[in-house]
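One structure below.
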Amino acid sequence: MGSKDVDDSKKAQYEQTASVLRAVYTDAEFDTGDEDFQILSTIRFDPLLSDNIDSVIAFDDKDENSKLFFLFEEHLRRINLSLMYFKFGYEVSRDELLEQLNTVMKPLDKSNAYKLRLTIDKQGSMNIDVTQIPVRLNLFDGFNPLQSYTSPTWNVFLDVEPIMISPFTSFKTTRRQRYNDARERVLIKGFAEPQEVLLYNSANQITEGSITNVAFKRTDPETFTETWFTPVLASGCLCGVVRHMLLSKGLIQETQINLKDVKVGDDILLFNGIIGVVKGKIVDRSLSLAF
């Protein structure tokens, strides 16, 4: 299969995603025309994504270094899907996105990893804020057996009330108040270990975490085959770049996950474009508060 065939296949997958979400959110019910928001994408720069990197040559204007930005192509497609869905009236070219990322990275120490928070407004202006983040030796460490897992296991607390789903939960934008509210009411201030909130909608279906997509392990009672399942897009979850990639590679599958089936002690996967894939465990928040 040639590169054009692969690109067309990826484009078709995202167009299918858009069709699913249009069926969930009707224009009559969710008119976002007057909303003040920006399209948001958080992209990981990581020198370990390349076998060799020269801090000068890798950022020469003539060099192709998109692989240093984790899931660059997925971010580009998701950005343009979001621009199309919200009818911003334009799209971002591959060269434009790579040039903007390279421009902010050029003066920095490229032996470090960075989070690049990119926003695009309705006028087409792009802004990128950069924060240094820890280097991770394996961005897919969450799939490793526990004995070879090297990353922290996240404490995951169930939200105490449902989240209202909308296009702003399915697409990543600067309209994140509902996520901020969930984190404020559930996360434990001063808690030393990494923590996340598990969200659910008004139909008591699991959607996602406040900053991550999620997957639950299920075992077939007849074959004992273990499979990781992530909530369907119709639940209102974010169409995340790692989620999309894991689905396209068959590493996870989609299904409806009901709140009643989630138990304290369940092992889950958490994933996003900055942390990659890590392990989490559903924890009783009241017990954690006691320590």
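Only the coordinates and a few stated rules stand behind these numbers; no lab work does. Worth saying up front: this structure is predicted, and the values here are computed from it rather than measured. Note: ideal-geometry Cβ built from the backbone for every residue, glycine included; neighbour counts use all protein chains shown.
Details
- Förster radius 30 Å - calculated FRET efficiency between residue 174 and residue 218, Cβ distance, rounded to 0.05: 0.30
- Interatomic Cα distance distribution for the chain, bins of 5 angstrom, percent: 1, 5, 11, 15, 18, 17, 15, 10, 5, 2, 1, 0
- The mean sequence separation of alpha-carbon pairs under 8 Å and at least six residues apart, normalised by the residue count of the chain, gives a relative contact order of 19 percent.
- Once each of the GluC sites (Glu not before Pro) sitting in a DSSP loop with at most 10 other beta-carbon atoms within 10 Å is removed, the chain keeps 65-221 as its longest stretch.
- Only Cα pairs under 8 Å and 6+ residues apart enter the sum, and on that basis the relative contact order of region 97-188 stands at 18 percent.
- Here the relative contact order of region 172-241, from alpha carbon pairs under 8 Å that lie six or more residues apart, stands at 24 percent.
- Estimated from helices alone, the mean residue ellipticity of the chain at 222 nm is -7500 deg cm²/dmol (sum of -39500 (n - 2.57) over DSSP H runs with n ≥ 4, per residue).
- The length gained on full extension between residue 50 and residue 23, counted as 0.36 nm times the residue separation minus their Cα-Cα distance, comes to 5.7 nm.
- Lys pairs under 18 Å by Cα in region 141-289, provided they are eight or more residues apart or on distinct chains: 8
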